[in-house]
Amino acid sequence: MSNLSQPLTLTCHQCGATYSRPELEPDQWAQCVRCHSVLESYAAFTPFAWLAILLTTFLSLGFANAYPILTLYLQGQAQAATFFDAVSVVWREGYPEVAVITFAAGFLLPVVHLCLLVWVLLPLAFGKLPLFFDATIKIIDHLKPWCMVPVFLLGILVAAIKLAGLASLVVGVGLFATACATIFITSLGRLGERRLRLMALDLGVPAHPPEIPRPPSPSQITRVWALMLAAAIMYVPANFLPIMQITSVGGSSGHTIVGGVIELYQMGSWDIALVVFVASVIVPVFKLVALSVLVAMTQFGAVHGLHRRTQLYRVVEFIGQWSMLDVFVVILLSALGQFGALLSIQPGSGAIAFGAVVILTMLAALSFDPRLAWRRAGHRRHVLSTFNL
Ligand SMILES: [Zn+2]
């Protein structure tokens, strides 16, 4: 039931090409002819179906935070940790910055994101225009990259493997609930500004049609360079300062990121060592190098490889939050390693520096508008006919 009287225009977020919106059949999607990014895919779910998924997500997040994720047993003592235990331990250890980042990315922002989706979908399900519709769907898009429940899940798995060598470990309900929440949150990630707006229009709700965005501003280049420079500077202490301190009967030792990877490898978990190495060492360096190439080529108006450069930007955007992995691992280990003189694990100052690197590189990637690369290479906005696959 699309609004046929007035054809809508869709603008490609990656290259800025403008299309008239096609009518999609099931299993079809509309793809940009110029840069191949997907403009719209067939919407199979009604607002009611999405609301059912949202309700399940709220329930699994509730269980994920109410029940222990892991319980560690050491010489007759047990230490269970929920998500909130982990946050409060890090706060008490004197790292409020790390505690705030973890609380925001692992709980507060995902919950706000889900609440805003309910705010939009509930009125839509009854054919009404939600209050503050335009502002809300914009905020939903801005919140998405900062909701890191999937990264936290991987963090739990890495922490469990690290501790398995030290003491016996039992996984709790919280872990399975986090896994369920991850699956639902990933599927809800498809509900961005454009999809929600088109959903409203298809339902006959009087929402504004998608507007043609303003041309990308060249002033972003300076901002991206500044953020990347700050990230590169923080990368040095992030790697040289210990991200955690382990005190046991044998003595106290500081652990850096690379040291932790080597340790995992020596414990025989080469696969997990590889995951941590990729997430903590390769991904931040790759992001900085790839963004530098993208920004420099845009700055000089390079005309070649536009398609590949757009793909590279999509990769940088996607992997952004996964480098937060090691910060989450440190937090969980600190919450579980509370056995007094027997074993005590504390976060180190490297964790703050590392968290700063992740946030700065994410801000740099989000500040870069890939449409500028196409514009600088002479591709202005074109109104094109649509290409269906
Ligand atoms: Zn495009």
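Note on the range 1-127: Cα Rg divided by 2.2 N^0.38 Å, N the number of residues, gives 1.60.
Each of Ser217, Phe277, Thr361 was placed along the dipole of the chain (beta-carbon charges, centred on the mean Cα), and the one lying farthest toward the positive end is Ser217. Computed from phi, the 3J(HN,Hα) profile of the range 165-178 under the Karplus parametrisation 6.51, -1.76, 1.60 (θ = phi - 60°) reads x, 8, 7, 8, 9, 10, 7, x, 4, x, 5, 5, 5, 5 Hz, with x in place of Gly and Pro. The dipole here belongs to the chain: it is taken about the Cα centre, uses +1 on the Cβ of Lys and Arg and -1 on the Cβ of Asp and Glu, and is about 1100 debye. Applied to the range 112-120, the Karplus parametrisation 6.51 cos²θ - 1.76 cosθ + 1.60 on θ = phi - 60° returns per-residue 3J(HN,Hα) values of 4, 4, 5, 4, 5, 5, 5, 3, 7 Hz, with x for Gly and Pro.
Relative to the longest principal axis of the Cα atoms of the chain, the long axis of helix 83-92 makes an angle of roughly 60 degrees.
With only the Cα atoms considered, the chain has a convex hull volume of 143 Å³ per residue.
Along the chain, the exposed loop sites are GluC sites (Glu not before Pro) outside DSSP states H, G, I, E and B with at most 13 other Cβ atoms within 10 Å, and the longest stretch free of them is 24-210. Using a Cα-Cα cut-off of under 20 Å, which lysines could be cross-linked to Lys138, ignoring same-chain neighbours fewer than 8 residues away? The reachable lysines, counting only those whose Cα sits under 20 Å from Lys138, are Lys128. Residue ranges 354-360, 251-257 sort as 354-360, 251-257 when ordered by packing (mean number of other C-beta atoms within 10 Å per residue, highest first). Applying a 4.7 Å Cβ-Cβ cutoff to the chain leaves Cys115, Cys147, Cys180 as cysteine residues with no disulfide-compatible partner. Against the main long axis of the alpha-carbon atoms of the chain, helix 220-240 sits at an angle near 10°. With respect to the chain, whose longest principal axis is taken over its alpha-carbon atoms, helix 325-336 is tilted by about 40°.
Over the residues of the chain, the helix contribution to mean residue ellipticity at 222 nm works out to -17500 deg cm²/dmol, using -39500 (n - 2.57) for each DSSP H run of at least 4.
None of the figures in this text is laboratory data; all of them are computed from the coordinates on show. Remember, predicted model here, so these are calculated numbers, not experimental data. Cβ: placed from backbone, ideal geometry, glycine included. Neighbour counts: every protein chain shown.
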